[in-house]
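Below you'll find the structure, written out as structure tokens, and then a few comments.
Quick note: the coordinates plus some simple rules give every number you see, no bench work behind them. All of these numbers come straight from a predicted model, not from anything done at the bench. Note that each Cβ is placed from the backbone with ideal geometry, even for glycine, and that neighbours are counted across all protein chains shown.
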Amino acid sequence: MKLGDYLVAYLKKIGVSHLFGIPGDLVINLFLKFGRPRGLKIITLSHEPGVGFAADGYARSTGRIGAICVTYGAGGHNMVNPVAGSFSERVPILVISGGPGEEERKLGVLIHHQAKVIESQLHIYREVTCAAKIINDPQRAAIDIDEVIRSIWLNQQPGYLEIHRDMVEQEIPVPKQIVSWNGDLPYPQSDRHKLDEAVRDTAERFNRAHHPLVLVGIEAYRFKLAKEIVKLVEKIGVPCCTSVLAKGAFPMNHPLYMGVYIGAISPSRIRKRVEKADLIIGLGMLLTDIELGGGQPPEALRHRSIWAVENRVNVSFHTYTDVTLRDFVHGLVRAELKPHPEKVTYSDNLAKPQSDPDRRVRVADVLREINRFLAAHKKFMVVAESGDSLFGGIDVKVGDDGLYLAQGFYASMGFAVPGALGAQIGTDLQPLVLTGDGGFQMTGVEIAHAPRYKLNPIVVLLNNGGWGIFRPIAKRHDLLALPSWRYAELARLWGGRGFRVETVAQLRRALDEAPKSSSFAIIEVMIGYRNLSPITIKYIRASAKKAQIKSQA
């Protein structure tokens, strides 16, 4: 086959339906291959970061590999930040870049879009992918592509292929095992003996415990384990919390779900229950500063825990390597575990609202109104932007038929709007996007593409005239200011609906009206200059206290 035809056929064989990208001169031949009849559905946006976030949202929401195609240099380098976010948050995406041909390289002159050397882009992507290759040997091309994509799936992280433009039409041999393969990609495999011992050790510890608790982390999402973990939690009857990264990996309306654990700044009921636990079972939870609220792991997490993550299980101070989370959870579901029935109460950071609906709206009011809206609209996904929206989103409660997406650890501003577009393309679920004006000004204009693809996200935009999350700690507020765009008017100019609201009652009416439109909507919420979500305030206070303790030490 020709290399370009092989790549299209391979991606379709593994279930990739869409390709996100922006064409350029050094990739145009390959780009057009992808878009031919019987090829892939091509999604183009205005800027490569938007393309990267859209592919990430597609991959997060569908559980499939998100495919990206960009040109060499100017396009590929623009894509690095979204890919870095996908790498740190375990999202399987494939970046395909063009590049200069062999004859051009032989000239010995600098080639447009080149940075330092021809291979500079490859070197950069090796830092933010699990596998990166230039496909320049026709005899190995099919195998090299196969190896990179299998690595993406095994690691649930991005991979990179660089295909220079004179390779697209090269005839390549395709091994028989790839031709006859059914397209299923394998998950990592466990060492059976270590797995059995880890399950047995865990069962013994669990059956001796009096107050166990389950913490669900991001790998539960990435390795498609949500249903199995629900089955396990129901079997043992213990309370369950998710990490910030894994919010949505456990049904938020489940009677055993307590809420989001975020270390010392968790809601009081959750924090006390975690501290009370004599055994914590952590399933796929990374120990990051965000997950732990900027603090250190509490004693229970270090000494009274079973931690399954990154293909190993730590039972207190016993470590079992080569044990995957998938196999470990399946093993626990089959094991003899003593039920620990416990009444669980869901907790968030939202106080009861004031009764006056005509009062000036605050961020906490926005979160409560979104929850009211979601209670009446079951099949919605929520996509939260970084900054105050990320922390505020922790208190949003999505129905069992919906989804929740956020870049909870890498936390790059600009993720939410394009991420929501990609997620709706992949799932057909209507998104509600929670963003600030800072994040929207980075990539929010990609919403103008929504009518092209018949997408209808509802964007709730918190307008406080700047990067508000830093105002409590910044001495120069002029460095945090942003120009005041007329967001509601822009929505109408771009083919959507626009609402500008200042009170709780106006916000409620706008949320009720927005779903009636076949196009997208922007609800511009005018909030106070210093107003922030409840958990952001807690996070800032905890960080300030920690910094004060360090300075005194």
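For the reader, a short list of remarks on this structure follows.
- Overall shape: oblate for the chain, with the ratio a/c of the largest to smallest alpha carbon gyration tensor axis at 1.5 or above and b/c at least equal to a/b.
- Whether region 383-527 is rounded, prolate or oblate, judged on the alpha carbon gyration tensor where a/c under 1.5 counts as rounded: prolate
- Prolate/oblate/rounded label for region 3-180 (Cα gyration tensor, a/c 1.5): rounded
- Neighbour-count ranking [beta-carbon atoms within 10 angstrom, fewest first] of MET258, MET252: MET252, MET258
- Descending by average beta-carbon neighbour count within 10 Å, the peptides 36-45, 204-213, 82-91 line up as 82-91, 204-213, 36-45, the highest first.
- Phi to ³J(HN,Hα) by Karplus 6.51 cos²θ - 1.76 cosθ + 1.60 over region 40-45, Hz, x for Gly, Pro: 9, 7, 8, 10, 10, 10
- Taking 0.36 nm per residue of sequence separation and removing the Cα-Cα distance, the ALA505/GLU102 pair yields an extension gain of 138.7 nm.
- Net +/- balance of residues flanking SER266 in space, Cβ distance below 15 Å, scoring K and R +1, D and E -1: +3
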